[in-house]
Amino acid sequence: MLRAWAPSYNDIPNTLPESAGITSVGMVSYFIYWLIQLPLLLIHPTKLRWVLLIKLISGPTAAIATMGWCIRKAGGGGGDIFALKPTVTGAEYAWLWLSCMSSVTGSWSTLACNIPDFTRYAKSPRGQFIQLPFLPIMFTLCGVLGIVTTSCTKVFSGEYMWNPLQVLELWLEYGAGGRCAAFFVALAWYIAQIGTNITANSISAANDLTVLFPRWVNIQRGCLIAAVIGGWVLVPWKILTSAATFLAFMGGYAIFLGPMAGIMVADYWFVKKQHIDIPALYHPQGRYAYTAGCNWRAVVAFLVPVAALLPGLAFSISGAPAVRINGGIKHLYAFNWLFGFVTSIVLYTTLSLAFPAKETLLHNTVWDLEGTAVEACPRGSDGESSPGATDAGSKGVVGDDVLGSDDKRPRWGAWNPFPTIFPLRIALGGKESYCGGLMGIGSCPRGPQHTRVENDCPSMYCGKTKAKIMRELVTHSTPLASVANANANEWHL
């Protein structure tokens, strides 16, 4: 984009060594890209729909336009990709095919593990089913676009250009019109990359960090941590230095994600049989605490396939003579994701049947605490209860102006069997809500006078969801009204 805008930008002298894997121009560009996307990481996932819609339109448009130009430049054909003959046969062909399949499934393995980070925001449990037909279709189309484009570049450039940015570099030589086309296509790829980083990388990492360190990390902080570690500590530009390195990376991290996905599938479908105690998932001493908070069956099911595949991973990264392995281990690594996925399912299911954790096996799903939603009462404003909705003894508003020091109703911490964080099914409506730093929690700029809990806090500096606000209220033993109006459309604390 910058070279198309100002051609002299490419004249910046390179002061980085070749071992850095990037030039000075590339580093400056990368830093600007990273800096611009940083504020977007502070937007709550539920507010990112507009980013994804722009990506949905711009990404495919840029890919199709690039492929169309390459086909025309190649003389109207698809290059030699459709005329190529196999250079290997027999067992070698089969193992190579499995290796290529593992590289492709590497990009799927992330979705297999973190897709709940987004399906949790679906309007209904059936909302996720739309992905079943569309994901394979979209991934197949993206693969075809890339293959045809790469094949065509061999005709007019003499080499396979697997990176679309290499095609844009050719456009820069076509004068003002070429630079204009390069700028807008690069902008489309920029938007697509930001959308991918936020959804597939940052939010997933942030959710994991909030689970590990709930007291110190929220979604926004987790995204910032992921941006620093993933954007700089892991030196991602080195991954993209060549197609071989990129494919080795994509196939490599699948050895960890394959067993994870297998354990999730086995636990939910084969062991728990789709029956989960949802509140207990958030209770450290609940039925899912296992042994000192660790399910050893899952640990074994994860470590066994990973340990078997680690030598193959080392060989794919370092190669010979740094790493020496036999042909059997090479072939095993050729289908690493499939091996890890299937092996973990078999191991976890077998161990769970042989040594069952009986306290976790249910006949029915437990949706909420004692089968009821949050007890609450309607309220007309932020400062006082709705007239006639409640009696004088239970006004149902959190705040010293209503629940005074003489209020004798029990606080949540006194009788709640789950005193720590747990989710609540809340039927809340209304037009606006702010967490307001309830009971001194958080730092929402709206102020503590806003105690309505109807939706996610819309403040970009806060970004708390209504479930998080509810959990904080419970954790901090906030008074809860004990009267509910069944006819009310809005529920408040």
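The values are calculated or read from the model by the stated rules, or taken from the named source; none is laboratory data. Predicted, not measured: the structure shown is a model, and the values here were computed from it. Backbone-built Cβ (ideal geometry, glycine too); neighbour counts: all protein chains shown.
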Condition test on residue 9, is it more than 34 Å from the chain's Cα centre (by Cα), under 27 Å from residue 237 (Cα atoms) and touching a residue at least 12 places away in the same chain (Cβ under 8 Å)? yes
Output the residue which, of all residues in region 290-328 that are touching a Gly at 6+ places or on another chain (Cβ under 8 Å) and free of Cβ contacts under 8 Å to residues at least 60 places away in the same chain, is surrounded by the fewest Cβ atoms within 10 Å (Cβ to Cβ). 325
Scan region 157-175 residue by residue and report those that are assigned to a helix (DSSP H, G or I), more than 32 Å from the chain's Cα centre (by Cα) and surrounded by 14 or more Cβ atoms within 10 Å (Cβ to Cβ). 157, 170, 171
Just to be sure, is residue 221 exposed (fewer than 15 other Cβ atoms within 10 Å of the Cβ) and out of contact with any Ser or Thr (no Cβ under 6 Å at 6 or more places or on another chain)? no
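Each row is one residue, and each column tells you yes or no for (1) at pLDDT below 95; (2) more than 30 Å from residue 158 (Cα to Cα); (3) hydrophobic (A, V, I, L, M, F, W, C); (4) in the same structural domain as residue 141 (by TED's automatic domain parsing).
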{"residue": "1", "(1), (2), (3), (4)": "yes, no, yes, yes"}
{"residue": "17", "(1), (2), (3), (4)": "yes, no, no, yes"}
{"residue": "52", "(1), (2), (3), (4)": "yes, yes, yes, yes"}
{"residue": "57", "(1), (2), (3), (4)": "yes, yes, yes, yes"}
Please go through region 19-51 and give me each residue that is part of a helix (DSSP H, G or I) and touching a Ser or Thr at 6+ places or on another chain (Cβ under 7 Å), ordered by number. 24, 41
I'd like to know if region 366-385 contains one or more residues that are modelled with pLDDT of 95 or more and charged (D, E, K, R). no
Can you tell me how many residues in region 282-326 are part of a helix (DSSP H, G or I) and at pLDDT 85 or above? 20
Return yes or no: is residue 135 closer than 20 Å to residue 100 by Cβ, in a helix (DSSP H, G or I), assigned by TED's automatic domain parsing to the domain that holds residue 68 and among the aliphatic types (A, V, I, L, M)? yes
Here is a check on your reading of the model: is residue 178 under 25 Å from residue 1 (Cβ atoms), modelled with pLDDT of 90 or more and under 24 Å from the mean Cα position of the chain (by Cα)? no
I'd like the full set of residues that are more than 19 Å from residue 357 (Cβ to Cβ) and more than 26 Å from the chain's Cα centre (by Cα), limited to region 281-315. 308, 311, 312, 314, 315
Output for region 329-371, where each listed residue is without any contact (Cβ under 8 Å) to a residue 24 or more places away in the chain and among the hydroxyl-bearing types (Ser, Thr, Tyr): 350
Kindly list, by first and then second residue, each pair from a residue in region 114-125 that is in contact (Cβ under 8 Å) with a residue 24 or more places away in the chain to a residue that is of a type outside the set (Gly, Ala, Ser), limited to pairs with Cβ atoms under 6 Å and residues at least 6 apart or on different chains. 117/203; 117/207; 121/46
Assess whether residue 79 counts as being assigned to a loop (DSSP other than H, G, I, E, B) and surrounded by 15 or more Cβ atoms within 10 Å (Cβ to Cβ). yes
Flag if residue 32 is over 22 Å from the mean Cα position of the chain (by Cα), surrounded by fewer than 13 Cβ atoms within 10 Å (Cβ to Cβ), assigned by TED's automatic domain parsing to the domain that holds residue 117 and under 29 Å from residue 229 (Cα atoms): yes
Return yes or no: is residue 211 farther than 21 Å from residue 22 by Cβ, in a helix (DSSP H, G or I) and without any contact (Cβ under 8 Å) to a residue 12 or more places away in the chain? yes
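For every residue, the table says whether it meets (1) among the hydrophobic types (A, V, I, L, M, F, W, C); (2) at pLDDT below 90; (3) surrounded by 15 or more Cβ atoms within 10 Å (Cβ to Cβ).
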{"residue": "47", "(1), (2), (3)": "no, yes, no"}
{"residue": "60", "(1), (2), (3)": "no, no, yes"}
{"residue": "105", "(1), (2), (3)": "no, yes, yes"}
{"residue": "128", "(1), (2), (3)": "no, yes, no"}
{"residue": "143", "(1), (2), (3)": "no, yes, no"}
Inside region 339-365, can you point out the residues that are assigned to a helix (DSSP H, G or I) and either β-branched (Val, Ile, Thr) or modelled with pLDDT under 90 (or both)? 342, 343, 345, 346, 349, 350, 360
So which of 153, 149, 110, 87 is of a type in the set (S, T, N, Q), touching a residue at least 24 places away in the same chain (Cβ under 8 Å) and closer than 30 Å to residue 327 by Cβ? 110
